[in-house]
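The values are calculated or read from the model by the stated rules, or taken from the named source; none is laboratory data. Values in this document were obtained by computation on a predicted structure and should not be read as measured data. Glycine also receives a Cβ, built like all others from the backbone with ideal geometry; neighbour counts cover every protein chain displayed. These accessible areas exclude ligands, DNA and RNA; they are computed on the full protein's heavy atoms, side chains included. Shrake-Rupley method; radii C 1.70, N 1.55, O 1.52, S 1.80 Å.
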Amino acid sequence: QLQASGGGLVQAGGSLRLSCAASGRTFSRNAMSWFRRAPGKEREFVAGIIWSGSSTDYADSVKGRFTISRDNDKNMVYLQMNSLKPEDTAVYYCAADASMWRGVSQWGRDYGYWGQGTQVTVSS
C-alpha cells in the first residue's frame, strides 16, 4: 500500500528527493513519516508530518537539510534531502501511522503501514 522510490547513489553534498505513493486507501488522515536503517544499525526516525501538513518533526541529525512534505490530493509524501552526508547512507522507509488524527510519533511501533524501502547511498 506504500511504495517508496527516488533512492540512488549520490556524492556527498548532493541532493535526492524520495517519494512515497499510497495506493489502495487514503492516508490523508494519518501522520506520515520516513525512517531509515543503516547497515549494522537499528531503524531510526528521520522526519514526520501530521495529516494536515501543518506540523513536521525531524531527527536532529537531519534538521536544516531534509524537508518532508505531503500532497493529500495525490496521496503522496516526499522527503527532500539536501547536503547529503555519507552517514545518511541507509534504506529509507515511508510509514503511515496506524491511527488517524495523531501528531507525529518517532516510535516505529506506532506505524501500521510500511513501504518496501529505497536505498540511498552517499559517497564521500
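Pairing each residue of the stretch 103-124 that is under 14 Å from Gly48 (Cβ atoms) with any residue that is assigned to a loop (DSSP other than H, G, I, E, B) and basic (Lys, Arg), provided the two are 6+ apart or on different chains, yields C-beta distances under 8 Å for Gly108/Arg43; Asp110/Arg102.
Within the stretch 65-75, take every residue that is in contact with a Ser or Thr (Cβ under 8 Å, 6 or more places away or on another chain) and either open to solvent by less than 40 Å² (accessible area, probe 1.4 Å) or among the basic types (Lys, Arg) (or both) and give me the one that is farthest from Gly24 (Cα to Cα). Here the answer is Arg65.
Find the residue count for the stretch 81-117, including only residues that are among the hydrophobic types (A, V, I, L, M, F, W, C), surrounded by fewer than 16 Cβ atoms within 10 Å (Cβ to Cβ) and farther than 23 Å from Pro39 by Cβ. Residues flagged as among the hydrophobic types (A, V, I, L, M, F, W, C), surrounded by fewer than 16 Cβ atoms within 10 Å (Cβ to Cβ) and farther than 23 Å from Pro39 by Cβ within the stretch 81-117 amount to 3.
Yes/no per residue for (1) at pLDDT below 95; (2) more than 14 Å from the chain's Cα centre (by Cα); (3) surrounded by 13 or more Cβ atoms within 10 Å (Cβ to Cβ):
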| site | (1), (2), (3) |
| --- | --- |
| Ala4 | no, no, yes |
| Ala12 | no, yes, yes |
| Ser15 | no, yes, no |
| Cys20 | no, no, yes |
| Ala31 | no, no, yes |
| Phe45 | no, no, yes |
| Gly48 | no, no, yes |
| Ala59 | no, no, yes |
